[in-house]
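Visitor: My structure is below; once you've seen it, I'll send some questions.
The values are calculated or read from the model by the stated rules, or taken from the named source; none is laboratory data. Remember, predicted model here, so these are calculated numbers, not experimental data. We place every Cβ from the backbone using ideal geometry, glycine too, and count neighbours over all the protein chains shown. Note: accessible area is taken over every heavy atom of the protein model, side chains too, but ligands, DNA and RNA are not part of it. Shrake-Rupley method; radii C 1.70, N 1.55, O 1.52, S 1.80 Å.
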Amino acid sequence: MSGGIFSPLGSCSELEKANCHPLVCLLCHEPYQHPCLLDCYHNFCASCLRGRACDGRLSCPLCGQPSVVRGGTGLPPVDRLLQFLVDSSADGEEDVQCANCDRCCAKAELDTMYFCNTCGQPLCAPCREETHRAKMFARHEIVSLSKRTKDIHKKCPLHEEPYIMFSTEKKSMLCINCFRDMQGESRAHCIDIETAYMQGCQRLDQAVMAVKELQTSTREAIVLLKAMIEEVRNSASEEEAAINSLFGRMQEQLSERKKTLLKAVQSQHEEKEKAFKEQLAHLASLLPTLQVHLVTCSAFLSSANKAEFLDLGYQLMERLQRIVKLPHRLRPAQTSKINSEYRAEFARCLEPLLMLSPRRSVVGSAGSIGPGMAGTNMLPGGQCSKTLMVPSCPSTSDKMSTGPMVRKPTMHRYISTKVLLAEGHETPFAEHCRNYENTYRMLQTEIQGLKDQVQELHRDLTKHHSLIKTEIMSEILQKSLQMDVQIAAHYSAVEMMRSVFEEVWEETYQRVANEQEIYEAQLHDLLQLRQENSCLTTITKQIAPYVRSIAKVKERLEPR
């Protein structure tokens, strides 16, 4: 019981191999001395647990689950059941002598010994047959020696009377005085000792069966988990080998594609730099010519009289106009951005290795995020892979009312549109975005005006309980309905552009992600506007009766 009681126990497999005795402590490997029961239902000797508690908590040395300990001892309560088994086991190890013939029974023959609870004496098998078969012993309670009744279980410690009843409510045995002291309602839960014993055995059998089923399930789960651990180990080895092999091939492919892309970047750099330098030389030579003619004009105006001006002035003006009309390349003929499409190129070279599905596929599943957009798969690093969908045929109103909402913030869409238009690319989608922003701002302004009017009416009703402008109610409702029609029409117009944009997206895949996000966000913004308008319509309809009621009261109080 010494040395290693504060050292952690081994694994559960080691305990299973050790085949521990149920009445032997797992820490000191000695029979239990004052066994204590933890909250995890593990038992240890009180001396083995003493000093382990910290801040009112005691961690189980076997599974680590904390148990709450109360009192100054810092120990959990004593397990009375296990203490009974320990005491019974100690009694069984003592030499037993028959009270009638003084015959000593060996440990191997203990199962043949009996005990008379009435006499309080042990009996061997022959004496039981010879002496306790008489009529005077007919009422004596003779049981197996292991089931003998101790003195502490014979009489009530409070009244010193024998137990005759059992309370199923309090789960305790009762003597005649305890039974008399009970209230009438509690007496209905009392049964005799024999019946309580039979019922208790039945319930214990049921509990034992449940525990056996749990034991079987636990063993099966242990076998399964051990097999899965082995599978995990094998799978990890296979996965590591596959990762190393694939990573090596990816490095080779990426290294080759890197060289190609760097050459392409260098080629673009040289071409763009040459074009810009040629244009710069042209403009540099044009600037002195312009400066000379400006100085000439200034000198001519200051020195020529009216006759000289009319004689030479028109010639000078014609020269200046011809200079202005010459084809001067003032704007850059191309952008300064070098685009090697390295992301697409790297992805394209890795596709055969990663066995990726095509970037653009025609699918039709219920898991689409929005009209024309399939489910978005998140890749490492926060990137998304999107697949195009064939436009479906439901009506616009059904899409706007029942279609899933696209989680694209309006401000993000607005900024993305600004960036797209600032790039200066004249594409059908850029032109569509310009037209869309103008129409959207107009719709948004009108919706905001309706919101302000409804808020003013709502404030009048809640704060002043009166209306200042009763005639505005019908106007708000009419405008709201008109806005619903305009938003639906604009939504239909945007939706009809889908096929055109999908053709453009197929041709310019590098820009498709940004354009699709902006496009879906536009539809989302229209849906959001319509939802706001729907809320305005609902609120207007709800407060309309109150408006009419207050208007009637006002007419009565203030005659025309």
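Visitor: Which of the following residues is modelled with pLDDT of 75 or more, within 26 Å of D87 (Cβ to Cβ) and open to solvent by 100 Å² or more (accessible area, probe 1.4 Å): E130, E160?
Guide: Going through E130, E160 in turn, just one is modelled with pLDDT of 75 or more, within 26 Å of D87 (Cβ to Cβ) and open to solvent by 100 Å² or more (accessible area, probe 1.4 Å): E160.
Visitor: Just for strands (runs of 3 or more DSSP E) wholly inside segment 156-207: which have at least 1 residues that are small (G, A, S) and out of contact with any Pro (no Cβ under 9 Å at 6 or more places or on another chain)?
Guide: So the answer is 165-167, 172-174.
Visitor: Residues to consider are V223, V143; find the one that is surrounded by 11 or more Cβ atoms within 10 Å (Cβ to Cβ) and either assigned to a loop (DSSP other than H, G, I, E, B) or modelled with pLDDT under 90 (or both).
Guide: Just one listed residue meets the conditions, V143.
Visitor: Still on this structure, I have one more. Restricting attention to segment 332-350, which residues are at pLDDT 80 or above and either closer than 30 Å to Y491 by Cα or surrounded by 12 or more Cβ atoms within 10 Å (Cβ to Cβ) (or both)?
Guide: I338, S340, E341, Y342, A344, E345, F346, A347, R348, C349, L350
Visitor: Follow-up question, since we're still on this one. When L261 is evaluated against the numbered criteria (1) modelled with pLDDT under 85; (2) in contact with a helix residue (DSSP H, G or I) (Cβ under 7 Å, 6 or more places away or on another chain); (3) within 30 Å of L246 (Cβ to Cβ), which criterion, by number, is the only one it fails?
Guide: Result: L261 fails condition (1) only.
Visitor: In segment 67-88, which residues are polar (S, T, N, Q) and open to solvent by 20 Å² or more (accessible area, probe 1.4 Å)?
Guide: T73, Q83, S88
Visitor: Return the pairs, sorted by first residue and then second, in which the second residue is open to solvent by less than 90 Å² (accessible area, probe 1.4 Å) and of a type in the set (A, V, I, L, M), the first residue lies in segment 253-271 and is assigned by the TED database to the domain that holds S340, the beta carbons are less than 7 Å apart, and the residues are 6+ apart or on different chains.
Guide: Listed by first residue and then by second, the contacts come to Q253/L350; Q253/L353; V265/I338; Q268/I338; H269/I338.
Visitor: Would you confirm whether any residue within segment 195-218 is touching a helix residue (DSSP H, G or I) at 6+ places or on another chain (Cβ under 8 Å), open to solvent by less than 100 Å² (accessible area, probe 1.4 Å) and farther than 28 Å from Y41 by Cβ?
Guide: No.
Visitor: Mind listing whichever residues of segment 510-528 are touching a strand residue (DSSP E or B) at 6+ places or on another chain (Cβ under 8 Å) and either polar (S, T, N, Q) or modelled with pLDDT of 75 or more (or both)?
Guide: Selection gives Q516, E520, L523, H524.
Visitor: Can you tell me how many residues in segment 161-193 are without any contact (Cβ under 8 Å) to a residue 12 or more places away in the chain and more than 56 Å from the chain's Cα centre (by Cα)?
Guide: 2
Visitor: Regarding Q448, is this residue modelled with pLDDT of 85 or more and either surrounded by 12 or more Cβ atoms within 10 Å (Cβ to Cβ) or assigned to a helix (DSSP H, G or I) (or both)?
Guide: Yes.
Visitor: Another question about this same structure. Does T296 satisfy being in a helix (DSSP H, G or I) and farther than 30 Å from Y342 by Cβ?
Guide: yes
Visitor: Name the pairs: first residue in segment 117-130 and closer than 25 Å to K155 by Cβ and of a type in the set (V, I, T), second residue open to solvent by 30 Å² or more (accessible area, probe 1.4 Å) and part of a strand (DSSP E or B), Cβ to Cβ under 9 Å, at least 6 apart or on different chains?
Guide: T118/I142
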